[in-house]
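Chemist: Supplied in structure tokens, the structure appears directly below.
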Amino acid sequence: MSITMIQFFAAVLSLTVIGGLFGFILSVAQKKLHVEKDPRVEEIFEILPGANCGACGCPGCMAYAEKIVNNNMDTNLCPVGGPETANKVADAMGKVSGNVVRKISRVHCQGGKFNARNKFKYEGPQTCAGAQLIDGGYRVCSYGCLGLGDCADICPFGAIHIDERKLPVVDLDKCTGCGKCEEVCPRNVISLVPRGKDVYVMCRNREKGPLMKQGCSAGCIGCKLCETKACKIVFQNNTDVESAIKVDNFIAEIDYSVCIDCGKCASVCPQKVIFYPEKTDSGILEKE
């Protein structure tokens with residue numbers, strides 16, 4: 001046998017021995033360093049809805065389950081599962097669940113294709129994020145919706161679509177309040193509001209009325225009728241609350257912690273910027 005063949009077999013034998021040695025070391029290390037997984041993690045993961053939307057602040061349901069068990073994270077942070085899921089998770093942990101505030105997405109703009117004016121014709125990437133990079137967006141109103149559907153694309157529940165006005169429309173039956181649409185909107189047109197509060201302001205423009213109207217015919221003019229002529233009267237005998245809606249920087253904003261959802265503010269708004277659904281005997285008929 002030649003020297004070369006002897007060297008070859010020696011090398012193969014050496015590699016085999018080294019490989020076997022490392023395999024043995026890794027096997028021992030795996031047994032020594034193995035950490036038993038708390039069975040409650042899997043139990044809680046099975047309770048969670050499996051949406052992996054990240055609304056709880058974790059990258060997915062498994063991560064949330066692990067943090068509940070290992071880091072004592074709150075059990076009521078899943079908006080998709082709601083109170084029922086929160087109660088089941090709390091039971092599994094031997095705790096009492098805290099209150100779950102169910103929320104839905106609301107669109108604070110009614111400019112769109114028919115009411116908002118454009119600065120230029122945009123032909124770039126058909127995303128809101130892309131359009132926003134070009135001179136701050138193609139709308140004259142720097143607060144209005146760009147209507148290219150980033151919110152609809154990211155919604156994991158198919159709860160948003162862009163309508164003929166080039167505005168997002170939220171399907172309240174499908175919306176879970178995960179907040180993905182709010183996060184992705186480059187103009188902060190979408191926000192989460194508590195379920196059960198039907199009234200909301202469909203504008204975010206913070207410019208004076210005459211300047212606002214240069215870009216949109218359907219924005220808030222900051223007239224304060226909602227605050228002084230409607231809401232203030234509702235709370236006139238309440239020493240703790242002066243008004244649930246206030247005009248600040250030329251835009252009406254609602255404090256949902258005190259709003260009683262009466263809709264008086266919507267009835268006096270000359271611009272019809274404040275949305276409040278028509279009430280019917282069978283429920284609510286929304287009009288936008």
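The values are calculated or read from the model by the stated rules, or taken from the named source; none is laboratory data. These numbers were taken from a predicted model, which means no experiment stands behind them. Glycine gets a Cβ as well: all are built from the backbone with ideal geometry, and neighbour counts include every protein chain shown. What goes into the accessible areas is simple: the full protein's heavy atoms, side chains included, and nothing from ligands, DNA or RNA. Shrake-Rupley method; radii C 1.70, N 1.55, O 1.52, S 1.80 Å.
Chemist: Hey, can you find the accessible area per residue of the range 1-156 for me, probe 1.4 Å, expressed in square angstrom? Show your work: numbers first, answer last.
Modeler: Values: 9590 Å² over 156 residues.
Using a 1.4 Å probe on heavy atoms only, each residue of the range 1-156 averages 62 Å².
Chemist: Another question, then. Determine the dipole magnitude for the chain: charges of +1 sit on the beta-carbon of Lys and Arg, -1 on that of Asp and Glu, nothing else is charged, the reference point is the Cα centre, and the result goes in debye to the nearest 20. Kindly include the intermediate steps, with their values, before the conclusion.
Modeler: Numbers: 34 positive and 32 negative charges, 191 e Å.
In debye, rounded to 20, the chain gives about 920.
Chemist: Here's another thing I want to ask about it. Could you tell me what percent of the accessible area of the chain is made up of carbon and sulfur, with a 1.4 Å probe and every protein chain present? Walk me through the numbers before you get to the answer.
Modeler: On the way: 9040 of 16500 Å².
After summing per-atom areas, the C and S share lands at 55 percent.
Chemist: Right, next: Roughly speaking, what is the stretch gain from residue 4 to residue 217, that is 0.36 nm per residue apart minus the C-alpha to C-alpha distance, in nm to one decimal?
Modeler: 67.8 nm
Chemist: Only Cα pairs within less than 10 Å get springs; with that Gaussian network setup on the chain, which residue of 155, 259, 78 has the largest fluctuation?
Modeler: For the chain, modelled as a Gaussian network with Cα springs under 10 Å, the answer is 259.
Chemist: Which whole-number value in Å² is the accessible area per residue of the range 163-272, probe 1.4 Å? Before the final figure, lay out each step's value.
Modeler: Working: 5500 Å² over 110 residues.
Value returned for the range 163-272: 50 Å² of accessible area per residue.
Chemist: Ok, one more. What residue among 163, 91, 173 has the largest mean-square fluctuation in a Gaussian network model of the chain, using Cα springs under 10 Å?
Modeler: The residue with the greatest mean-square fluctuation here is 173.
Chemist: Next up: Roughly what angle does helix 3-33 make with the longest principal axis of the chain, taking Cα atoms, 0 to 90 degrees, to the nearest 10?
Modeler: The helix 3-33 is inclined about 50 degrees to the chain.
Chemist: On to the next question. Quick one: grab the alpha carbon gyration tensor of the range 178-251, order the square roots of its eigenvalues as a ≥ b ≥ c, and give me rounded if a/c is under 1.5, else prolate or oblate depending on whether a/b is larger than b/c.
Modeler: Judged from the Cα gyration tensor, the range 178-251 comes out oblate (a/c at least 1.5, b/c at or above a/b).
Chemist: Hey, quick one: spin label on residue 260, modelled 7 Å out along Cα-Cβ, who in the range 212-254 has an amide N within reach, i.e. under 20 Å?
Modeler: Label zone hits: 225-247, 253-254.
Chemist: What number comes out for the charge environment of residue 113, summing +1 per Lys or Arg and -1 per Asp or Glu over other residues with Cβ under 10 Å away?
Modeler: Counting the neighbours of residue 113, the net charge comes to 0.
Chemist: Who wins for biggest fluctuation among 18, 47, 104 in a Gaussian network model of the chain, springs between alpha carbons below 10 Å?
Modeler: Of 18, 47, 104, the Gaussian network model singles out 18 as fluctuating most.
Chemist: Measuring from label point to label point, each 7 Å out along Cα→Cβ, what is the residue 15 to residue 267 span in nm?
Modeler: Roughly 8.6 nm, to one decimal.
Chemist: First measure r as the distance between the Cβ atoms of residue 253 and residue 117, then evaluate 1/(1 + (r/R0)^6) with R0 = 35 Å and state the FRET efficiency to the nearest 0.05.
Modeler: After rounding to 0.05, the efficiency reads 0.90.
Chemist: Right, next: Please sort by residue number the trypsin sites (Lys or Arg not before Pro) in the range 114-163 whose DSSP state is loop and whose Cβ has at most 13 other Cβ atoms within 10 Å.
Modeler: Sites meeting the loop and neighbour criteria: 121.
Chemist: Under a Cβ-Cβ cut-off of 11 Å, what is the net charge of the residues other than residue 159 that fall near it, where Lys and Arg count +1 and Asp and Glu count -1?
Modeler: Charge balance near residue 159 sits at 0.
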